Number of protein chains: 2
Amino acid sequence: MPILVMKFGGTSVADLDRIRNAAEKVRREVERGYDVIVIVSAMSGKTNELVGWVEETSPLFDAREYDAVVSSGENITAGLMSLTLQEMDVPARSWQGWQVPLKTTSAHSAARISEIPRDNIDQKFAEGMKVAVVAGFQGISPEGRITTLGRGGSDTTAVAFAAAFNAERCDIYTDVDGVYTTDPRITDKARKLDKIAFEEMLELASLGAKVLQTRSVELAMRYKVRLRVLSSFEDSDENSGTLVCDEDEIMENKVVNGVAYSREEAKMTLVSVADRPGIAAAIFGPLAEAGVNVDMIIQNISEDGRTDMTFSCPINQVARAEKAMNAAKEAGEVNFHELIADTDVAKVSVVGIGMRSHTGVAARMFKALRDEGINIRVIATSEIKISVLIDRKYMELAVQALHDAFELEKAS
Amino acid sequence: MPILVMKFGGTSVADLDRIRNAAEKVRREVERGYDVIVIVSAMSGKTNELVGWVEETSPLFDAREYDAVVSSGENITAGLMSLTLQEMDVPARSWQGWQVPLKTTSAHSAARISEIPRDNIDQKFAEGMKVAVVAGFQGISPEGRITTLGRGGSDTTAVAFAAAFNAERCDIYTDVDGVYTTDPRITDKARKLDKIAFEEMLELASLGAKVLQTRSVELAMRYKVRLRVLSSFEDSDENSGTLVCDEDEIMENKVVNGVAYSREEAKMTLVSVADRPGIAAAIFGPLAEAGVNVDMIIQNISEDGRTDMTFSCPINQVARAEKAMNAAKEAGEVNFHELIADTDVAKVSVVGIGMRSHTGVAARMFKALRDEGINIRVIATSEIKISVLIDRKYMELAVQALHDAFELEKAS
């Protein structure tokens with residue numbers, strides 16, 4: 001039997017009615033001839049309740065106990081989903097992470113999956129079970145304790161199962177009906193994509209499109225797991241949603257496929273840094289150690305042995321970055337006149353694998369922004385994306401202008 | 001180190017404040033020099049919520065999935081209790097049933113404990129851990145699935161751990177401060193007992209004193225586990241609560257130690273049964289098969305080959321008993337004129353191990369009831385108790401009269 005993995009997020013299993021709705025979708029895939037592995041999240045709100053209790057009990061909690069408590073939300077959904085399927089006469093049973101066992105590292109609350117042995121579930125499929133319902137987000141450490149996978153853990157669980165079981169596809173059911181060219185709240189011209197390449201999805205996910213967690217897309221890309229994002233709340237068929245797949249599967253290949261944005265950016269400038277070999281390492285080493293996620297980096301040309309160094313980071317890491325830089329200054333590792341934090345910026349990016357073989361994308365982007373009178377503060381490029389920092393007040397205008405400029409409302 | 005088992009029921013861990021209060025009691029025992037095994041129930045209300053979801057999802061639920069869902073309540077408390085203790089600088093960690101592993105039979109939702117290996121927990125004690133927090137009510141089946149122990153499962157878990165670890169005592173923290181000579185709501189002369197023998201506690205528990213589940217007392221008696229019942233909500237010392245122990249430990253030995261009652265009784269009479277050898281088996285066989293818990297049985301003398309047969313059973317099993325008897329009549333297995341169900345009765349019992357060596361207890365009981373004008377419908381006796389069925393309206397009066405007659409307000 002071909003195997004299909006189906007993952008339902010918290011809003012898709014928020015109450016018994018929604019679990020029934022999700023189970024109905026599973027039943028239909030069983031009727032289509034699949035053996036199905038269902039990965040479930042906790043009912044929405046459950047995990048937050050549990051996390052709240054842990055944090056109130058112990059602000060600096062033991063992550064092993066955190067994991068033991070927080071993982072119970074998924075266990076509840078898994079049992080209820082299995083019961084719901086049984087009520088529909090679909091042979092099903094639930095698995096908690098340790099029962100599979102989904103083996104992970106010992107990094108509690110942020111564990112990495114190390115192995116998913118197939119034996120237990122394969123045996124049940126051979127005995128006639130049609131659906132294995134697996135509690136997402138959790139596993140078991142080499143020490144036999146419960147681990148959780150951290151943010152995006154349930155998506156990652158789903159992709160890992162799809163890889164381990166050579167699933168035909170991994171369907172991620174969520175509260176949106178697919179991946180859009182940009183946020184439909186910003187422009188009603190936003191268009192749902194039928195397909196998107198892993199690399200593009202990665203850029204869109206990490207740039208603020210919250211549909212899929214970066215980590216699960218990375219894993220899908222590595223193991224070539226075909227991922228589909230679709231809505232739990234709409235009828236669906238084989239063509240619903242957006243397929244995230246290898247670029248070879250995509251015929252159209254537009255130059256730009258999406259416009260992403262992020263409001264959560266800050267621009268930090270070290271003014272008049274004493275320039276010398278190794279100065280970048282002296283700055284970004286301490287920032288990395290302090291856990292600051294530096295994104296864009298710009299170094300101006302040097303004058304009289306001094307330069308300005310600008311970088312961007314998430315807005316909630318500004319204080320941490322300042323502390324790290326001031327400490328480095330006091331320790332004599334870095335010499336600068338001033339550190340200016342500009343928290344009034346936003347990042348806007350255009351993404352597309354077609355950029356690799358097309359020139360002129362940057363020019364077209366800059367022109368579109370210029371035509372709207374939007375000043376670009378910082379530019380950064382990669383093989384398949386171009387990002388700019390601009391004043392936050394222009395963010396929506398910029399997204400709209402770029403969506404128009406690259407004609408993303410058109411299907412090809 | 002001597003080992004102490006402490007068990008906290010649902011109301012004792014109902015919220016984070018109460019968990020902190022319970023943890024404080026654990027900390028004090030650690031300071032007194034114990035290694036402690038704490039058994040926790042689910043926060044009160046949690047299990048009902050989970051059971052409600054399961055029953056709504058699937059009225060004839062798969063008990064394996066029921067167990068997987070319902071056991072999560074205890075897991076949450078175990079993690080939170082461990083975190084709370086860690087916050088108090090008490091080295092603690094949580095165990096879920098399968099981690100111990102607490103091995104059970106495969107009888108899901110009513111599993112029996114088969115083995116509790118000590119290795120894992122002993123090793124952690126040897127490494128300096130002071131408190132093992134164990135999720136009560138659950139274990140793991142030979143097939144590797146989660147089981148629950150059914151009603152009273154957390155008390156039973158506690159006693160089983162006390163037996164396996166040769167604990168000095170098993171303290172059951174609950175919302176009452178001990179075992180009383182009778183229900184204090186019925187007479188304010190009710191007195192808390194300092195000690196009570198296992199056998200007496202068993203009779204009191206099964207007769208309606210809801211402090212301890214019968215099953216846990218049976219287990220404690222078999223393994224001679226000294227059980228103490230005491231309140232979570234009062235300061236306690238070594239003499240608090242009531243100690244349930246071997247009768248050898250009890251010096252006083254009054255003839256009667258308690259008066260129990262039950263409102264939930266019904267009196268069933270099969271009128272004019274054709275009497276023949278084997279008739280009792282023909283009646284009580286089908287009742288047992290139908291799951292009717294027959295308590296007292298009275299057979300009148302036979303006249304003209306016919307007799308009346310009276311028995312008592314829980315009031316909510318009357319319909320089941322009637323169905324079983326009518327089926328037996330139709331099948332020609334039993335011949336009777338009429339089945340009369342009297343649901344307007346109550347059972348009142350006096351209990352005391354001293355009865356074994358004292359005569360005249362029954363006479364004193366019957367006189368006390370007669371003096372109040374209370375008519376006795378049915379009498380049943382065992383080695384250490386005498387029970388009567390009376391009209392329900394006299395129940396409170398009977399309890400008060402018997403409490404007075406046996407001078408239970410006096411300590412010895």
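The values are calculated or read from the model by the stated rules, or taken from the named source; none is laboratory data. Bear in mind that the values here come from a model prediction, so they are computed numbers and not experimental data. When we count neighbours, we look across all protein chains shown, and the Cβ atoms used for this are built from the backbone with ideal geometry, even at glycine. SASA here: full protein model, heavy atoms, side chains in, ligands and nucleic acids out. Shrake-Rupley method; radii C 1.70, N 1.55, O 1.52, S 1.80 Å.
Among the residues making up segment A:114-141, those that are open to solvent by 10 Å² or more (accessible area, probe 1.4 Å), assigned to a strand (DSSP E or B) and away from chain B (no Cβ under 13 Å) are A:114, A:115.
Residues that are over 18 Å from the mean Cα position of the chain (by Cα) and open to solvent by less than 20 Å² (accessible area, probe 1.4 Å) do not occur anywhere in segment A:170-181. Exactly one residue out of A:162, A:111, A:158, A:68 is within 12 Å of chain B (Cβ to nearest Cβ) and buried (at least 24 other Cβ atoms within 10 Å of the Cβ), and it is A:68.
Scanning segment A:140-158 for residues that are over 25 Å from residue A:86 (Cα atoms) and either in contact with a helix residue (DSSP H, G or I) (Cβ under 7 Å, 6 or more places away or on another chain) or modelled with pLDDT of 95 or more (or both) returns A:140, A:141, A:142, A:143, A:144, A:145, A:146, A:147, A:148, A:149, A:152, A:156. Checking the stated criteria, residue A:106 turns out not to satisfy the condition of being modelled with pLDDT of 95 or more and farther than 21 Å from residue B:93 by Cβ. Evaluated against (1) touching a Gly at 6+ places or on another chain (Cβ under 8 Å); (2) more than 17 Å from residue B:158 (Cα to Cα); (3) of a type outside the set (Phe, Trp, Tyr); (4) open to solvent by 40 Å² or more (accessible area, probe 1.4 Å), residue B:213 falls short on exactly one condition, (2). Scanning segment A:92-108 for residues that are of a type in the set (D, E, K, R) and away from chain B (no Cβ under 13 Å) yields a total of 1.
For residue B:109, the criteria (1) of a type outside the set (A, V, I, L, M); (2) at positive phi; (3) in contact (Cβ under 8 Å) with a residue 60 or more places away in the chain hold in every case but one, which is (3). Restricting attention to segment A:361-378, the residues that are closer than 20 Å to residue A:265 by Cβ and in contact (Cβ under 8 Å) with a residue 40 or more places away in the chain add up to 3. Please tell me if residue B:196 is more than 13 Å from the chain's Cα centre (by Cα), among the β-branched types (Val, Ile, Thr) and part of a helix (DSSP H, G or I). Here the answer is no, as residue B:196 does not meet what is asked.
I'd like to know if segment A:77-91 contains one or more residues that are open to solvent by 10 Å² or more (accessible area, probe 1.4 Å), at pLDDT 95 or above, facing chain B (nearest Cβ under 8 Å) and not in a helix (DSSP H, G or I). No, segment A:77-91 has no match at all. Looking only at segment B:54-65, which residues are part of a helix (DSSP H, G or I), touching a strand residue (DSSP E or B) at 6+ places or on another chain (Cβ under 9 Å) and within 10 Å of chain A (Cβ to nearest Cβ)? Scanning segment B:54-65 gives B:64, B:65. Reported count of residues in segment A:372-412, each being among the aromatic types (Phe, Trp, Tyr) and touching a Leu at 6+ places or on another chain (Cβ under 9 Å), is 1.
Scanning segment A:184-196 for residues that are out of contact with any strand residue (DSSP E or B) (no Cβ under 7 Å at 6 or more places or on another chain) and either surrounded by 24 or more Cβ atoms within 10 Å (Cβ to Cβ) or charged (D, E, K, R) (or both) turns up A:185, A:188, A:189. Among the residues here, residue B:244 does not qualify as among the aliphatic types (A, V, I, L, M) and closer than 25 Å to residue B:379 by Cβ. Pick from B:152, B:144: which is closer than 18 Å to residue B:40 by Cβ and surrounded by fewer than 20 Cβ atoms within 10 Å (Cβ to Cβ)? Result of the check over B:152, B:144: B:152.
Quick check on segment A:324-340. Is at least one of its residues basic (Lys, Arg), assigned by TED's automatic domain parsing to the domain that holds residue A:277 and touching a Gly at 6+ places or on another chain (Cβ under 9 Å)? No, segment A:324-340 has no match at all.
A quick yes/no check of all residues on (1) within 12 Å of chain B (Cβ to nearest Cβ); (2) outside any helix (DSSP H, G or I); (3) at pLDDT below 95:
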position	(1), (2), (3)
A:11	no, no, yes
A:17	yes, no, no
A:25	no, no, no
A:29	no, no, no
A:33	no, yes, no
A:37	no, yes, no
A:43	yes, yes, no
A:52	yes, no, no
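Pairing residues of segment B:254-279 that are on the phi > 0 side of the Ramachandran plot with residues that are open to solvent by 20 Å² or more (accessible area, probe 1.4 Å), at Cβ distances under 8 Å and at least 6 apart in sequence or on separate chains, gives B:272/B:306; B:272/B:308; B:272/B:337; B:272/B:338.
Candidates in segment B:1-44 are the residues that are among the basic types (Lys, Arg) and farther than 18 Å from residue B:94 by Cα; of these, the one that is most open to solvent (accessible area, probe 1.4 Å) is B:32. If you go through segment A:359-378 and pick out every residue that is among the β-branched types (Val, Ile, Thr), open to solvent by less than 90 Å² (accessible area, probe 1.4 Å) and modelled with pLDDT under 90, you end up with 1. The set of residues in segment B:322-358 that are over 30 Å from the mean Cα position of the chain (by Cα) and either open to solvent by less than 60 Å² (accessible area, probe 1.4 Å) or small (Gly, Ala, Ser) (or both) comprises B:327, B:328, B:331, B:332, B:334, B:336, B:339. Cβ-Cβ contacts under 7 Å between residues 6 or more apart (or on different chains), taken from a first residue in segment A:392-403 that is in the same structural domain as residue A:312 (by TED's automatic domain parsing) and open to solvent by 10 Å² or more (accessible area, probe 1.4 Å) to a second residue that is outside any helix (DSSP H, G or I) and hydroxyl-bearing (Ser, Thr, Tyr), are listed as A:400/A:187.
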